[in-house]
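Below is one structure; the comments refer to it alone.
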Protein chains: 2
Amino acid sequence: MADAFAYEVVSAPRADCGPRVGRLTTPHGVVDTPAFIPVGTRATVKGVLPETLRQVGVQMVLANTYHLALRPGADVVRDLGGLHAMMAWDGPILTDSGGFQVFSLAALRKVTDEGVTFRNHIDGAEMTLTPESAIAIENDLGADVIMALDVCPPFPAPRSEVEEAVRLTLGWAERSRAAHRRRDQALWCIVQGGVHRDLREACAAKLVAMDFPGYAIGGVSVGEGHDRLREVVGCTVPLLPWTRPRYLMGVGEPRDVVASARAGVDLFDCVLPTRNGRNGCAFTADGMIRLRNEAYRTDAGPIEEDCDCPTCRHFSRGTLRHLVMSQELLAPILLSVHNLRFYTRLFERLRAAIRDGRFDAEAQGLLDRYYQND
Amino acid sequence: MADAFAYEVVSAPRADCGPRVGRLTTPHGVVDTPAFIPVGTRATVKGVLPETLRQVGVQMVLANTYHLALRPGADVVRDLGGLHAMMAWDGPILTDSGGFQVFSLAALRKVTDEGVTFRNHIDGAEMTLTPESAIAIENDLGADVIMALDVCPPFPAPRSEVEEAVRLTLGWAERSRAAHRRRDQALWCIVQGGVHRDLREACAAKLVAMDFPGYAIGGVSVGEGHDRLREVVGCTVPLLPWTRPRYLMGVGEPRDVVASARAGVDLFDCVLPTRNGRNGCAFTADGMIRLRNEAYRTDAGPIEEDCDCPTCRHFSRGTLRHLVMSQELLAPILLSVHNLRFYTRLFERLRAAIRDGRFDAEAQGLLDRYYQND
């Protein structure tokens, strides 16, 4: 890891396992972990200005390599000054490897040792992504943290398919590291292995032996459900070095976040706050609410009384309902802003609870209240 | 006019005609005129947060009575605290009378002395708007300046139809005044008369005799074109009291704005900056540009080098092109913000030129440059 990067555990109730508060340092600043990373797929967190991201406590954002490689193209991003310039975001950025999208969005995939050939989901053109080309793209995009190309099997999948995914992911991690050129970017690897404990363990062990500066758990949030996700995280995290950041890809459902933070995960990314915001839904401590509900028609109160976000400080549920019903642009904007603040507040509470040695009680109270109507 | 309202001419090269800089005072603050009023049809300037409106120099916003009466309903707006609360905008607000929309959007209109019956454009339900009901709605909405219900004929229209529109508009102005209840709202009237000088003059004279605190010129921007608009404004404005604000409804094309400000118009509203922003277009001193243009693909410069808006300070043409092409929410947001700033800057220049006694030279230079490619 280059000098500009560091990760340190700031506070942990137990010496070397379980939940921890950490500090990830990058060339573009610090991230207090556990942290939520909003998704800015095409170099924009949908509908939210970068100054507003700061305002609601966001410290790091994610952009998707697959989408940006297609449009506008990695060369265009590079010519426009890289992702930080394009996004007008001077904080830390992370790019994924494109693997997840290739295996979920693209068609006619053919995977070989060399890489993966597919037809993209926009114009159907044939493209090839190799560990080397993914790194070249990510070097052009210029994020602080970049991910190695991996193979992400669906769920369920035959064990043989998951074994092959692990084999390829391991080989590609090694090649990614050899191809990586920029010392101002940290290259992290991804643990695969599906829901198979032995495959997760084998994959993690081999990646740890390669000594990456950060480790992600991939191949989750593909339909395996809360219990299996928890098992996967529970068996994988203890194998990862205590001194390195751990990132659970694509996970954001509150119960998944809480269980994984308890296991010692540091970073989470998820589209839920912005996607649900665009669908007229708002997160609250008492569960998600649908602003379309007739009950909010003349409700002059905010989404959440104790929320300090710009939406809750200025707009009522009634107004938000009107904006949602009228399909006004301000609706997804205001709801996404609140939902992002809901997530950053959730993580602030988790960090405080870890520091104060009361994680389990806090987590229980929080989940009991959030899922009270489930 | 209640005490909280005032209009004073601050600076004018000629004593009682031609362009002037003024100051309109309302219960929610001051508007420096000539001023541009962005349109917030459904209680939101599409895609722009109220704090951003302030940031780009907007002082007053407009909302549409017709749209709000349909959805969410004037009673709901009232129950939610009125337009200022709903829009989270503590500055001056103006509502139109609904007349323009009834005559442009609604179907199966039947106009009588009593009022106008129509089927609304949303669910086709039959509704009636009378001068009294329009005022009742506007009282509920709670804007600082409200407009009397008028009859807005199309262009072209038979002279007899325009004569009838003037007759009804005059009678309705009188009845609107009798119906108006709130002393914290100023009721302005609207001059109709199509492109007929004698009808405009007759209508203006009779409305002036009724002594309203503000006068609008309506029935323009309906396809009559720049030259006819200029004639209408040129013959109507001199008949309006020098000591009262004059408002040209729905006008925003730069050449129309400049010609009308020269004639002594104080207020303008128009959807152009936000509508064009949503269509991927940006106003510049050198004319409008289409961000979809391939030429901007790797253009790392801002829309306008000398613009101080948040969009120009942070986002390049290349990034904006990418956001437009990707149909990202941030595209209409960022372009609307810039376009609103283009308009407030245009008006700042006009006001400065009037104060400095160089309106004609400034106007000529400005239009020559803006329309250089026409």
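The values are calculated or read from the model by the stated rules, or taken from the named source; none is laboratory data. Quick caveat: nothing in here was measured; it's all calculated off a predicted structure. Here Cβ is always computed from backbone atoms with ideal geometry, including for glycine, and neighbour counts include all displayed protein chains. Only protein heavy atoms, including side chains, enter the accessible area calculation; ligands, DNA and RNA are left aside. Shrake-Rupley method; radii C 1.70, N 1.55, O 1.52, S 1.80 Å.
Observations, loosely collected:
- Residue identified as closer than 11 Å to A:Gly264 by Cβ and surrounded by 22 or more Cβ atoms within 10 Å (Cβ to Cβ) among A:Pro238, A:Pro245: A:Pro245
- Scanning segment B:207-240 for residues that are in a helix (DSSP H, G or I) and in contact with a strand residue (DSSP E or B) (Cβ under 9 Å, 6 or more places away or on another chain) yields B:Leu207, B:Val208, B:Met210, B:Leu229, B:Val232, B:Val233, B:Thr236, B:Val237, B:Leu239.
- Of the candidates B:Gly357, B:Gly365, the single residue that is free of Cβ contacts under 8 Å to residues at least 24 places away in the same chain and small (Gly, Ala, Ser) is B:Gly365.
- Applying the criterion of at least 2 residues that are within 12 Å of chain B (Cβ to nearest Cβ), open to solvent by 10 Å² or more (accessible area, probe 1.4 Å) and farther than 25 Å from B:Asp79 by Cα to the helices (runs of 4 or more DSSP H) found wholly in segment A:281-363 leaves an empty list.
- Filter pass, A:Arg246 being over 30 Å from A:Gln327 (Cα atoms), under 17 Å from the mean Cα position of the chain (by Cα) and either modelled with pLDDT of 95 or more or among the hydroxyl-bearing types (Ser, Thr, Tyr) (or both): yes
- Some residue of segment A:185-197 being part of a loop (DSSP other than H, G, I, E, B) and farther than 15 Å from A:Glu163 by Cα: yes
- Subset of segment B:145-168 [assigned to a loop (DSSP other than H, G, I, E, B) and in contact with a Leu (Cβ under 7 Å, 6 or more places away or on another chain)]: B:Ala148, B:Leu149, B:Val151
- Output for segment A:336-363, where each listed residue is more than 20 Å from A:Glu304 (Cα to Cα) and not hydrophobic (A, V, I, L, M, F, W, C): A:Arg351, A:Arg355, A:Asp356, A:Gly357, A:Arg358, A:Asp360
- Close Cβ contacts (under 6 Å, 6 or more residues apart or on different chains) running from residues in segment A:103-120 that are in contact (Cβ under 8 Å) with a residue 24 or more places away in the chain and within 18 Å of A:Ala148 (Cβ to Cβ) to residues that are part of a strand (DSSP E or B) and among the polar types (S, T, N, Q) comprise A:Gly115/A:Thr128.
- So B:Thr274, is it within 10 Å of chain A (Cβ to nearest Cβ), in contact (Cβ under 8 Å) with a residue 40 or more places away in the chain and within 21 Å of the chain's Cα centre (by Cα): yes
- Only residues that are closer than 21 Å to A:Leu80 by Cβ and touching a strand residue (DSSP E or B) at 6+ places or on another chain (Cβ under 6 Å) were counted across segment B:259-279, and they come to 0.
- Members of segment B:210-235 found to be of a type in the set (Gly, Ala, Ser) and buried (at least 23 other Cβ atoms within 10 Å of the Cβ), listed by number: B:Gly214, B:Ala216, B:Gly218, B:Gly219
- Residue check for A:Arg54: open to solvent by 10 Å² or more (accessible area, probe 1.4 Å), more than 8 Å from chain B (Cβ to nearest Cβ), over 21 Å from B:Asp299 (Cα atoms) and out of contact with any strand residue (DSSP E or B) (no Cβ under 9 Å at 6 or more places or on another chain): yes
- Tally, over segment A:23-38, of residues that are surrounded by fewer than 23 Cβ atoms within 10 Å (Cβ to Cβ) and in contact (Cβ under 8 Å) with a residue 24 or more places away in the chain: 5
- Residue in segment A:207-214 that is touching a Ser or Thr at 6+ places or on another chain (Cβ under 8 Å) and among the hydrophobic types (A, V, I, L, M, F, W, C) present: no
- Yes/no for B:Asp16 being more than 10 Å from chain A (Cβ to nearest Cβ) and more than 24 Å from B:Glu348 (Cβ to Cβ): yes
- Residue check: B:Ala107 meets all listed conditions (1) surrounded by fewer than 21 Cβ atoms within 10 Å (Cβ to Cβ); (2) of a type outside the set (Lys, Arg); (3) at pLDDT 90 or above but one, namely (3).
- Residue match in segment B:311-324 (condition: closer than 26 Å to B:Met60 by Cβ and under 23 Å from the mean Cα position of the chain (by Cα)): no
- Residue count, segment B:189-203 (criterion: within 24 Å of B:Arg14 (Cβ to Cβ) and buried (at least 23 other Cβ atoms within 10 Å of the Cβ)): 2
- Verdict on A:Val258 being crowded, with 17+ Cβ neighbours inside 10 Å, among the β-branched types (Val, Ile, Thr) and part of a helix (DSSP H, G or I): yes
- Against the conditions (1) among the polar types (S, T, N, Q); (2) outside any strand (DSSP E or B); (3) more than 17 Å from the chain's Cα centre (by Cα), A:Gln101 satisfies every one except (3).
Conditions (1) within 13 Å of chain A (Cβ to nearest Cβ); (2) out of contact with any helix residue (DSSP H, G or I) (no Cβ under 8 Å at 6 or more places or on another chain); (3) under 24 Å from B:Cys189 (Cα atoms); (4) open to solvent by 30 Å² or more (accessible area, probe 1.4 Å), marked per residue:
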site: B:Pro50; (1), (2), (3), (4): yes, no, no, no
site: B:Gln59; (1), (2), (3), (4): no, yes, yes, yes
site: B:Ala63; (1), (2), (3), (4): yes, no, yes, no
site: B:Tyr66; (1), (2), (3), (4): no, no, yes, no
site: B:Pro72; (1), (2), (3), (4): yes, no, no, no
site: B:Leu80; (1), (2), (3), (4): yes, no, no, no
site: B:Met87; (1), (2), (3), (4): yes, no, no, no
site: B:Asp96; (1), (2), (3), (4): no, no, yes, no
site: B:Val111; (1), (2), (3), (4): no, no, yes, yes
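- Residue in segment B:129-140 that is over 25 Å from B:His84 (Cβ atoms) and in a loop (DSSP other than H, G, I, E, B) present: yes
- Residue match in segment B:64-73 (condition: in contact with a Ser or Thr (Cβ under 7 Å, 6 or more places away or on another chain) and farther than 30 Å from B:Thr311 by Cα): yes
- Only one of the numbered conditions (1) open to solvent by 60 Å² or more (accessible area, probe 1.4 Å); (2) hydrophobic (A, V, I, L, M, F, W, C); (3) under 20 Å from the mean Cα position of the chain (by Cα) is not met by A:Cys152, and that is (1).
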